[in-house]
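The values are calculated or read from the model by the stated rules, or taken from the named source; none is laboratory data. If you're wondering where the values come from, they're calculated on a predicted model, not measured in any experiment. Cβ: placed from backbone, ideal geometry, glycine included. Neighbour counts: every protein chain shown.
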Amino acid sequence: MAMSLDLTDDQTRARVSAVASSRAAPDKPNLINMDRAEMAAALIETGVPEKQARMRVSQLWQWIYVRGHDNFDAMSNLGKDLRLRLAEKFTLARPEIVEEQISDDGTRKWLFRFPARGAGQPVEIETVYIPEEDRGTLCISSQVGCTLTCTFCHTGTQKLVRNLTSEEILMQLIVARERLGDFPGKDAPQGTFVPTGERKVTNIVMMGMGEPLYNFENVKKALLIASDGDGLSLSKRRITLSTSGVVPEIYRTGDEIACMLAISLHATNDELRDEIVPINRKYPIEKLLQACRDYPGVSNARRITFEYVMLKGVNDSLQDAKELVRLLKGIPAKINLIPFNPWPGSRYECSDWDQIEKFADFVNANGYASPIRKPRGRDILAACGQLKSESERMRIKDRQALEALEATRAMVAGHGEA
């Protein structure tokens, strides 16, 4: 049975307090939203001598990204006065974990709540961890909701609320590593299924909620920090960005991020792709595949992944397989076949398993690796295409509790004035 670590009734008061405080914009900048140059400039503004700034940034970088600390007071190689100044001016605060669910197969899904920014409301997003014996993959979200409305995707039924900041993107990785015991001196919770190697999170994929290339600058900043060799130190070959086909930004991704690329293709002709992946109307298949051919560094050692969700009677025929092979000719590629993951209200069915295997066999026989992606986390709606938060609105229970709290405060304030 899947486990849910949702909050209990005994925690209602603390939860309401957290929701209430999250309505206010953060009063301190978070250092996790800064690259090295920005952090150095911020330290100089607080009185750190310019000649020391680079050294102090390196020290902070180690504490934040290598050791996973969120408390300035524990940073023992910084002077006490500097630690006090840092705590006064900045924060390393984590998002609220609203819910943590564990699938029967060990997959974990977190629902994170981030504080309001500006005049907006708090927002919630989902992040998924997929453990295997030799690797642990974290699926990260880039937006709250999505604009693309791909018809087979649950996330596409949620309207875009806003882009995530680089801080909010990075926080998904940092908090996941904390929860999994992936920082020095921090153990994973008992019973957690994690890879056997030194690192619990070995790969990250920008395949969660949203289209990452419609949030390019924040995604770029977050991924460059994640791949910094003196910090989180994830190889760019272990970072994959998935796009539905924002062609101009694919070129920028190759030039400015240089991570691995995945394309949500799902159809072999423009007529069908226009319907199920509507961005195709703006960037049709021919332009998309040319951007793939031009992607810097693409080779047999750095292949582009094409994702292809298997929809019964829609895109799963042998003729579709033949056309797929023809389309990808000359592109170093592998093709991930994804059994459709059902979600409430979807109008599609997953292709029959025999048909998926026939499709895979044909593609393999024609020279393309074509693994069938094993569905993970279906029981907690954590599988590919199933993510959807409730961030357009606060949960009814929270909103009612918060309104009651505010009414009580108003009543108390009224009595005080009287």
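When residues in the range 178-225 are screened for being of a type in the set (A, V, I, L, M, F, W, C), more than 24 Å from Ser242 (Cβ to Cβ) and either out of contact with any Asp or Glu (no Cβ under 9 Å at 6 or more places or on another chain) or in contact (Cβ under 8 Å) with a residue 60 or more places away in the chain (or both), 2 of them pass. Taking the range 265-277 as the range and being in contact with a helix residue (DSSP H, G or I) (Cβ under 9 Å, 6 or more places away or on another chain) and farther than 18 Å from Arg326 by Cβ as the test, only Asp274 passes.
Could you go through the range 250-267 and let me know if any residue there is under 23 Å from Pro212 (Cβ atoms) and either of a type in the set (Asp, Glu) or modelled with pLDDT under 95 (or both).
yes
Of the strands (runs of 3 or more DSSP E) contained entirely in the range 69-157, those carrying at least 1 residues that are in contact with a strand residue (DSSP E or B) (Cβ under 7 Å, 6 or more places away or on another chain), within 30 Å of Arg238 (Cβ to Cβ) and among the small types (Gly, Ala, Ser) fall at 136-139. Taking residues in the range 345-362 that are in the same structural domain as Asp320 (by TED's automatic domain parsing), and partners anywhere that are among the hydroxyl-bearing types (Ser, Thr, Tyr), the pairs with Cβ atoms closer than 7 Å and at least 6 places apart or on different chains are Ala360/Ser370.
Restricted to the range 284-329, and to residues that are of a type in the set (Ser, Thr, Tyr) and assigned to a loop (DSSP other than H, G, I, E, B), which residue is farthest from Gln355 (Cα to Cα)? Among them, the one singled out is Tyr295.
So which of Ile239, Ile257 is out of contact with any Lys or Arg (no Cβ under 9 Å at 6 or more places or on another chain), farther than 28 Å from Leu311 by Cβ and free of Cβ contacts under 8 Å to residues at least 40 places away in the same chain?
After applying the criteria, what remains is Ile239.
Does the range 6-16 contain at least one residue that is modelled with pLDDT of 95 or more, surrounded by 14 or more Cβ atoms within 10 Å (Cβ to Cβ) and in a helix (DSSP H, G or I)? Within the range 6-16 (the criterion being modelled with pLDDT of 95 or more, surrounded by 14 or more Cβ atoms within 10 Å (Cβ to Cβ) and in a helix (DSSP H, G or I)), the answer is no, since none of the residues qualifies.
Among the acidic types (Asp, Glu), touching a residue at least 60 places away in the same chain (Cβ under 8 Å) and more than 20 Å from Thr305 (Cβ to Cβ), is that true of Asp274? Considered against the rule, which asks whether it is among the acidic types (Asp, Glu), touching a residue at least 60 places away in the same chain (Cβ under 8 Å) and more than 20 Å from Thr305 (Cβ to Cβ), Asp274 comes out as no. Take Asp182 and tell me if it is farther than 24 Å from Asp228 by Cα, surrounded by 17 or more Cβ atoms within 10 Å (Cβ to Cβ), out of contact with any strand residue (DSSP E or B) (no Cβ under 6 Å at 6 or more places or on another chain) and among the acidic types (Asp, Glu). Criteria not met by Asp182. With the condition kept exactly as written, say whether any residue in the range 398-406 is among the polar types (S, T, N, Q), under 30 Å from the mean Cα position of the chain (by Cα) and at pLDDT 55 or above. For the range 398-406, residues among the polar types (S, T, N, Q), under 30 Å from the mean Cα position of the chain (by Cα) and at pLDDT 55 or above: absent.
Quick grid of which residues meet (1) touching a Leu at 6+ places or on another chain (Cβ under 9 Å); (2) under 23 Å from Arg199 (Cα atoms); (3) modelled with pLDDT of 95 or more:
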position: Asn33; (1), (2), (3): yes, no, no
position: Ala37; (1), (2), (3): no, no, yes
position: Ala42; (1), (2), (3): yes, no, yes
position: Gln52; (1), (2), (3): yes, no, yes
position: Asp104; (1), (2), (3): no, yes, no
position: Gly118; (1), (2), (3): no, no, no
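Restricting the range 158-178 to residues that are in a loop (DSSP other than H, G, I, E, B) and touching a Lys or Arg at 6+ places or on another chain (Cβ under 9 Å), which is surrounded by the fewest Cβ atoms within 10 Å (Cβ to Cβ)? Restricting to residues being in a loop (DSSP other than H, G, I, E, B) and touching a Lys or Arg at 6+ places or on another chain (Cβ under 9 Å), the top hit is Thr165.
Could you count how many residues in the range 142-177 are of a type in the set (A, V, I, L, M, F, W, C), touching a residue at least 60 places away in the same chain (Cβ under 8 Å) and either closer than 27 Å to Glu38 by Cβ or assigned by TED's automatic domain parsing to the domain that holds Val66 (or both)?
Residues in the range 142-177 being of a type in the set (A, V, I, L, M, F, W, C), touching a residue at least 60 places away in the same chain (Cβ under 8 Å) and either closer than 27 Å to Glu38 by Cβ or assigned by TED's automatic domain parsing to the domain that holds Val66 (or both): 7 in total.
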